[in-house]
Amino acid sequence: MAARAHAAKPTGTGTRSDLENADHNNKQADSLTCASNDPPLPSESATSVEVRAFLTDVLCTQYGVESEASRNIASLWTVGSGRELRTYPAHMFFSVFGDQAGWVLYKEVGSRTTRMNIKQNPNFDATKNRECPAPFTKTAKSAERKANLISKAP
């Protein structure tokens with residue numbers, strides 16, 4: 001492999017530096033190690049190894065993260081099947097992968113889940129799919145309840 005101009009080691013925590021360091025690396029060589037341009041969502045019965053392979057492919061192909069950094073971030077998924085991948089809430093992705101990588105992985109899993117559900121059921125209501133709560137959930141829900149009460153008032 002060719003020498004790289006910037007050889008910062010990824011921390012493997014999904015931090016901004018991991019994602020930014022990928023921009024300084026030779027993406028052309030890394031594209032050869034990525035499986036596909038649009039990796040399919042693993043099945044619900046997928047093993048943690050299959051889930052990690054999917055996460056690596058998503059980070060590498062969709063976001064241009066260097067393959068080594070992608071593997072380091074994906075390695076944070078130690079146990080859990082494809083079912084957990086599909087059902088974990090956003091805060092779980094953040095706690096496992098860090099803020100930046102957690103957000104992009106949550107978003108990618110959610111969009112693929114929605115597309116798959118729409119293909120299986122054309123009447124699927126995507127607005128009721130995964131919920132990403134506001135940072136102040138109690139405040140946001142309280143405001144929503146108040147708005148509903150006001151709109152229902154005579």
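Looking at the range 76-127, which of its residues are among the small types (Gly, Ala, Ser), free of Cβ contacts under 8 Å to residues at least 60 places away in the same chain and in contact with a Leu (Cβ under 8 Å, 6 or more places away or on another chain)? Within the range 76-127, Gly82 is the sole residue that qualifies. Residues in the range 34-52 that are assigned to a helix (DSSP H, G or I) and either over 13 Å from the mean Cα position of the chain (by Cα) or basic (Lys, Arg) (or both): Ser48, Val49, Glu50, Arg52.
With the requirement that a residue be in contact with a Pro (Cβ under 8 Å, 6 or more places away or on another chain) and either modelled with pLDDT under 95 or under 13 Å from Arg86 (Cα atoms) (or both), what does the range 34-60 give you? Scanning the range 34-60 gives Val51, Phe54.
The values are calculated or read from the model by the stated rules, or taken from the named source; none is laboratory data. Predicted model only: the values in this text are computed from it and were never measured. Counting neighbours? That spans all protein chains shown, and the Cβs are built from the backbone with ideal geometry, glycine included.
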